[in-house]
Amino acid sequence: MSGPSGVFQVLADLVARKTRVDASRVVPGARLIDFGLDSVKAMELVVELEQAFDLAIDDQELADMETLGDIAAYIERRLAAR
């Protein structure tokens, strides 16, 4: 799962599945709040992302991110730093 499109695609698929929205609405500029993710679903998403990419995601850092593109870029940076 290397490259920006691979990371974002995994993130987009998880968000679409968790929120039951059409995947075409899950774009890099969208925010998690745009999809009505409550705190429980957001934490489930974090766990699934950690499992998908085999890394620990800092909850506070994630909370500070504005968009799905920001989250994907964070994951890409973490993967590149390995």
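Every number in this text was worked out from the coordinates using simple rules, so none of it is lab data. Only a predicted model underlies this, so the values are computations on that prediction, with no experimental measurement involved. All Cβ positions, even for glycine, are placed from backbone atoms using ideal geometry, and neighbour counts span all protein chains on display.
Taking θ as phi - 60° and the Karplus parameters 6.51, -1.76 and 1.60, the scalar couplings of segment 38-52 work out to 7, 5, 5, 5, 5, 5, 4, 4, 4, 4, 5, 5, 4, 5, 4 Hz in sequence order, x denoting glycine and proline. Under the simplified labelling scheme, the K18-D54 pair shows an inter-label distance of 2.2 nm, with each label point 7 Å from Cα along Cα→Cβ.
Segment T67..V40, full-extension length gain: 7.9 nm, with 0.36 nm per residue of separation and the alpha-carbon distance subtracted.
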